[in-house]
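To start, the structure under review is shown below, and the notes come after it.
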Amino acid sequence: GDRTKSTKAVVSTQSTGGQCGTGAATGKGAHLVTPKQCAIEQKIVQASCGFDFTLFVSEKGHVFSAGSSECGQLGINDSGEYIDGRKSIFSAITTPGRVHSFFTRDPRTKEVTRIPQVSVRYVSAGQHHCLAISTKNELFTWGFNGHGRLGHKTTEDELIPMRVLFFRPGDPHLSVRTAKCSYGGCFAVNNLGNVFCWGQNQINRLECPYPVPLDDLYGWNVHDIAPGKNHHVITADYSAIAMGKTTMGELGMGPGTKSSSRPDKMHGVDGLKSIQCAAGCAHTLLLVDDSDSEAKKLIDDLDVNHD
């Protein structure tokens, strides 16, 4: 979720890998069927769930992680691997630990340098990879790097948060407004509303280990993007845009719509300002602003099921 009122984090559901961060023992059948408070002393303002791990951001700008670190997704420079007989086992972290350090790598010498006093404002978790945006708008990625989804021009996993050098704070063309992990890659929006993507994007068949512009969205002032596995949703000024597969009407373009790798406007919401968007497995959600009379009229014209 977005940074809102400071609060304690509560979780529920499966915790066989410690991803709920309650400090409880893990193992087969270790499910939480009622919400429990996470074992973090600091106030949490934002969180994101991956496949078998969770990231948290505190009001102090600290990042905490819990769960599996098999691919380095916890950002603690440890995969948790150990040998038990002839088997390789990966241990899980059940109590959220702080991600203490963030780094940059010299592209020529490959020397790794720690960046001091990084304060984080946002995190996003993918299947087994992560990104974080600092308060200075630096972008860091770590974890599984299949298909180059971390944006470092390599395919090697990163066990520590590493700055994506393509983006440069202070340059409006290359400063990050927001970013999200997708199923097989990442998306980022710069301060001018242009979209960049990297990794594997099955919708437009892109596979690139470094950020490239998503030219199909050129000209839109994009505010937010919600990458799903089979479709993506984008909010731009007073329009909502979708692209990808449609099986249940998730593109919002009316009956008879076919799947498309090219973005197009969703029907019925033109003129509405979307505050937030989300893409599920086969459904889409838009949270829109209804603070003015014109917006209320447009919303009233939409079919609403009050049941």
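Test residue 269 against the criterion of being under 17 Å from residue 177 (Cα atoms), crowded, with 17+ Cβ neighbours inside 10 Å and hydrophobic (A, V, I, L, M, F, W, C), and give yes or no.
no
Being surrounded by fewer than 16 Cβ atoms within 10 Å (Cβ to Cβ) and modelled with pLDDT of 95 or more is the requirement here; does residue 31 meet it?
Considered against the rule, which asks whether it is surrounded by fewer than 16 Cβ atoms within 10 Å (Cβ to Cβ) and modelled with pLDDT of 95 or more, residue 31 comes out as no.
Give me a count of the residues in region 170-198 that are touching a helix residue (DSSP H, G or I) at 6+ places or on another chain (Cβ under 7 Å) and either touching a residue at least 60 places away in the same chain (Cβ under 8 Å) or among the aromatic types (Phe, Trp, Tyr) (or both).
Final tally of qualifying residues: 1.
Step by step: first the residues of region 77-112, then only those that are farther than 29 Å from residue 60 by Cβ and aliphatic (A, V, I, L, M), then the one that is least open to solvent (accessible area, probe 1.4 Å). Which residue is that?
Ranking the candidates gives 89 first.
Residue by residue through region 185-223, note down the ones that are over 18 Å from residue 260 (Cα atoms) and either hydroxyl-bearing (Ser, Thr, Tyr) or in contact with an Asp or Glu (Cβ under 6 Å, 6 or more places away or on another chain) (or both).
210, 221
Does residue 45 qualify as being in contact with an Asp or Glu (Cβ under 7 Å, 6 or more places away or on another chain) and in contact (Cβ under 8 Å) with a residue 40 or more places away in the chain?
yes
Go through region 76-100 and count every residue that is assigned to a loop (DSSP other than H, G, I, E, B) and closer than 19 Å to residue 145 by Cα.
5
Quick check on region 97-111: of everything there that is closer than 22 Å to residue 174 by Cα and touching a residue at least 24 places away in the same chain (Cβ under 8 Å), which residue is nearest to the chain's Cα centre (by Cα)?
So, considering only residues that are closer than 22 Å to residue 174 by Cα and touching a residue at least 24 places away in the same chain (Cβ under 8 Å), the one nearest to the chain's Cα centre (by Cα) is 102.
Looking at (1) at pLDDT 95 or above; (2) surrounded by fewer than 24 Cβ atoms within 10 Å (Cβ to Cβ); (3) on the phi < 0 side of the Ramachandran plot, which one does residue 127 not meet, given that it meets all the others?
Result: residue 127 fails condition (1) only.
Looking only at region 45-76, count every residue that is of a type outside the set (D, E, K, R), open to solvent by 80 Å² or more (accessible area, probe 1.4 Å) and under 19 Å from residue 133 (Cα atoms) and tell me the total.
Summing the residues that are of a type outside the set (D, E, K, R), open to solvent by 80 Å² or more (accessible area, probe 1.4 Å) and under 19 Å from residue 133 (Cα atoms) in region 45-76 gives 1.
Of (1) over 27 Å from the mean Cα position of the chain (by Cα); (2) β-branched (Val, Ile, Thr); (3) at pLDDT 90 or above, residue 288 satisfies all except one. Which?
The single condition residue 288 does not satisfy is (1).
Checking residue 77 against (1) at positive phi; (2) modelled with pLDDT under 70, which single condition isn't satisfied?
Evaluating residue 77 over (1) at positive phi; (2) modelled with pLDDT under 70 leaves (2) as the failure.
When residues of region 234-266 are filtered for being assigned to a strand (DSSP E or B), more than 17 Å from residue 278 (Cα to Cα) and either open to solvent by 60 Å² or more (accessible area, probe 1.4 Å) or free of Cβ contacts under 8 Å to residues at least 24 places away in the same chain (or both), how many remain?
2
On the given criteria, is residue 282 out of contact with any Leu (no Cβ under 7 Å at 6 or more places or on another chain), open to solvent by less than 80 Å² (accessible area, probe 1.4 Å) and either of a type in the set (Asp, Glu) or farther than 28 Å from residue 192 by Cβ (or both)?
Considered against the rule, which asks whether it is out of contact with any Leu (no Cβ under 7 Å at 6 or more places or on another chain), open to solvent by less than 80 Å² (accessible area, probe 1.4 Å) and either of a type in the set (Asp, Glu) or farther than 28 Å from residue 192 by Cβ (or both), residue 282 comes out as yes.
The values are calculated or read from the model by the stated rules, or taken from the named source; none is laboratory data. In this text the structure is predicted, and so the values were computed from the model without any measurement. Every residue, glycine as well, gets a Cβ built from its backbone with ideal geometry; the counts of neighbours run over all protein chains shown. Surface areas here come from the heavy atoms of the whole protein model, side chains and all, with no ligands, DNA or RNA. Shrake-Rupley method; radii C 1.70, N 1.55, O 1.52, S 1.80 Å.
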